[in-house]
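What follows is a short report on a single structure.
The values are calculated or read from the model by the stated rules, or taken from the named source; none is laboratory data. Note that the structure is a prediction, hence the values are computed from the model and not measured. FYI the Cβ positions are ideal-geometry reconstructions off the backbone, even for glycines, and counts take in every protein chain you see.
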Amino acid sequence: MTKSQKTVLLLGSFLIIGIGALVFQFYRSVTGTFDAGSPLIGSLDNLTGLIIKTGSSELVLEKKDSVWRIIRPLDEQAGKEKISQIMTLLKEAVVLAPISDNPAKQHLFGVDSTGNLLTLISGSEKKLWRVGLPGPDFSSTYLRQEGETDVFIFSGRLGQIMTDVADYRDKLILQETTDSLTAIKITSLTEEFAMVRDSTGWLLDGTRIEQEKMNPVLSTLNRLDADFIADTLNAENLVYPLTLKVVIQNGKNQKEIRFYKIPERPEYAAVVSGRKTVYLLADWKTDRLNKSRNYWTGKSE
């Protein structure tokens, strides 16, 4: 072996040792309260509240009689779908591995003192966690319990919990069991008609409506969600033009939804009978309902 080869081999050995030491220091095992497989939360049944702090904003949620409500900055029931999502995340979150106990490196994982803060409340007990960056696989998350130095990586995209109040609001406009609908009345700017359902399907003016045409409508009525809630708009005094009115009948029960086109924007404002909330939704959701009589009967426009 030549002198130059020995030099290269020696340098290579030092390089390997150096990298190994760096990796060990960066990802060295942490001895602490949580071992691999330990759950983030013991029992969801005991969870009574959440405090979500992101930057300068704070969202407070509270469970009472199995119903979750937003307490601050608003006072209203939280969206059931969002609550179901975060409960699943919390239930399935377990420690994958300890990562570091070096306070100087907490910022690398997004769990230093400036990181997002999640408070889990079970009765009088509170546990605070800094919720950091996604893990390397983007399906895990770095966490650090407040007051401790140990950083762990947990399973689940727990960053989805750390969103603002708009994400937690109940944006459900309509949810109907379509098999029980008996009539849908459409009033547009130019015409008014009613589609009725019998034992064989849907009809308009005695003409059978193709099921392929009805499916998008029934899917929309089965669940229609808004994109935003417009607190600054008054449901009783909207200035936008009323473009579409849909009345759905379920036996003897009726529900009316009014859609107002917002000029120069690809969205509508929607108001449901008996509610004061003004919902904003993309125009394509409304366009499924805003079809002419000729469309439904198959006649040329």
* Structure fact -> By residue number, the members of region 251-266 that are in a loop (DSSP other than H, G, I, E, B) and over 15 Å from ILE229 (Cα atoms) are GLY251, LYS252, PRO263, GLU264, ARG265, PRO266
* Asked: Quick one: what pairs do we get from region 61-82, first residue without any contact (Cβ under 8 Å) to a residue 40 or more places away in the chain, second assigned to a loop (DSSP other than H, G, I, E, B) and acidic (Asp, Glu), C-beta under 8 Å, 6+ apart or different chains?
  -> ARG69/ASP75
* To do: Considering every residue within region 111-121, establish whether at least one is more than 23 Å from the chain's Cα centre (by Cα) and either part of a strand (DSSP E or B) or surrounded by fewer than 15 Cβ atoms within 10 Å (Cβ to Cβ) (or both).
  => yes
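Residues are listed down the side, and each one gets a yes or a no for (1) surrounded by 15 or more Cβ atoms within 10 Å (Cβ to Cβ); (2) of a type in the set (A, V, I, L, M, F, W, C); (3) modelled with pLDDT under 95:
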{"position": "PHE138", "(1), (2), (3)": "no, yes, yes"}
{"position": "LEU143", "(1), (2), (3)": "yes, yes, no"}
{"position": "PHE154", "(1), (2), (3)": "yes, yes, no"}
{"position": "ARG169", "(1), (2), (3)": "yes, no, no"}
{"position": "ILE184", "(1), (2), (3)": "yes, yes, no"}
{"position": "GLY201", "(1), (2), (3)": "no, no, yes"}
{"position": "VAL217", "(1), (2), (3)": "yes, yes, yes"}
* Asked: Looking only at region 122-149, which residues are under 21 Å from the mean Cα position of the chain (by Cα), in a strand (DSSP E or B) and of a type in the set (S, T, N, Q)?
  -> SER140, THR141
* Structure fact -> Expected single match for surrounded by 14 or more Cβ atoms within 10 Å (Cβ to Cβ) and in a strand (DSSP E or B) among ALA235, ALA269 is ALA269
* To do: Within region 150-178, work out how many residues are outside any loop (DSSP other than H, G, I, E, B), more than 30 Å from LYS245 (Cα to Cα) and of a type in the set (Val, Ile, Thr).
  => 3
